[in-house]
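What follows is one structure encoded as structure tokens, with my remarks underneath.
Each value in this text was obtained by applying a stated rule to the coordinates, not by laboratory testing. All of these numbers come straight from a predicted model, not from anything done at the bench. No Cβ is skipped: glycine too gets one built from the backbone with ideal geometry, and neighbour counts run over all protein chains shown.
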Amino acid sequence: GNSVTQMEGPVTLSEEAFLTINCTYTATGYPSLFWYVQYPGEGLQLLLKATKADDKGSNKGFEATYRKETTSFHLEKGSVQVSDSAVYFCALLNAGGTSYGKLTFGQGTILTVHP
Amino acid sequence: DGGITQSPKYLFRKEGQNVTLSCEQNLNHDAMYWYRQDPGQGLRLIYYSQIVNDFQKGDIAEGYSVSREKKESFPLTVTSAQKNPTAFYLCASADSGGAGNTIYFGEGSWLTVV
């Protein structure tokens, strides 16, 4: 079945540091890949997505590239801010077969950014 | 405003009771989902529906039930058979389950068993 594995957290950084959160996946077919962000006590907000190999999703300074050869979708940001502190989830949407329409999440990575 | 509305935001349940969480969307989306989130953990899929009057079990469907009588509504019932129901429940919807479609989430409902 499908699965998503994220680097374990928590991740603690100083403001303006470089951020990488690793995400790898296992899936059949050609999934779409997503990063969602969750602030305390809230639902999930879409951060960025990529729908095919070599696509790069980007938003608010965050980027992730869909790498089919390494089955990865690592999240990066060149300079984090305190306001980026949140939980980040990598997710996979399988668009074929018996798992059609099922969105599978990684376990989430807590990011804390200090001034 | 368009979006996904979950209610109630907070719910307390006595052991042995069934409770129903509401999820309504006005985005004209075909697909709807229910996820459970436990503290410090990721999201686990309970049920999902690609079309009215049809739904599929997710990874942790035991102790839950759903219905999809209307396109805009996908209520989740947490039954007394669910042994550990205290969690944060998230409803989501998408235009369809196909590739490239984005899934949007509601604000969530906190359920506590007392």
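Under 14 Å Cα-Cα from B:Lys70, which aspartates and glutamates qualify once same-chain neighbours fewer than 8 residues away are excluded? Cα-Cα hits under 14 Å: B:Glu24, B:Asp30, B:Asp54. Computed over chain A, the P(r) tail beyond 19 angstrom holds 42 percent of alpha carbon pairs. Compactness of the protein assembly as shown was expressed as the Cα radius of gyration divided by 2.2 N^0.38 Å, which yields 1.01.
How big is the charge dipole of the protein assembly as shown about its Cα centre, in debye rounded to the nearest 20, if each Lys and Arg gets +1 on its Cβ and each Asp and Glu gets -1 on its Cβ? Working shown, then result.
On the way: 18 positive and 22 negative charges, 94 e Å.
The calculation lands at about 460 debye.
Here the calculated FRET efficiency for A:Thr20 and B:Lys14, from their Cβ-Cβ distance with R0 = 41 Å, stands at 0.35, rounded to the nearest 0.05.
For the residue pairs A:Lys52/A:Lys77; B:Lys9/B:Lys71; A:Lys49/B:Lys9; B:Lys14/B:Lys71; A:Lys60/A:Lys102, the C-alpha atoms sit more than 25 angstrom apart in A:Lys49/B:Lys9; B:Lys14/B:Lys71; A:Lys60/A:Lys102. Result for chain A in a Gaussian network model with C-alpha springs under 10 Å: among A:Gly61, A:Gly41, A:Gly29, the largest mean-square fluctuation is at A:Gly41.
Just counting partner chain Cβ atoms within 10 Å, what average do the residues of peptide B:84-96 show around their Cβ?
1
Taken along the Cα-to-beta-carbon direction at a fixed 7 Å, the label points for B:Glu107 and B:Asp59 span 2.8 nm.
Divide the volume of the convex hull around the Cα atoms of the stretch B:11-114 by the residue count and you get 96 Å³ per residue.
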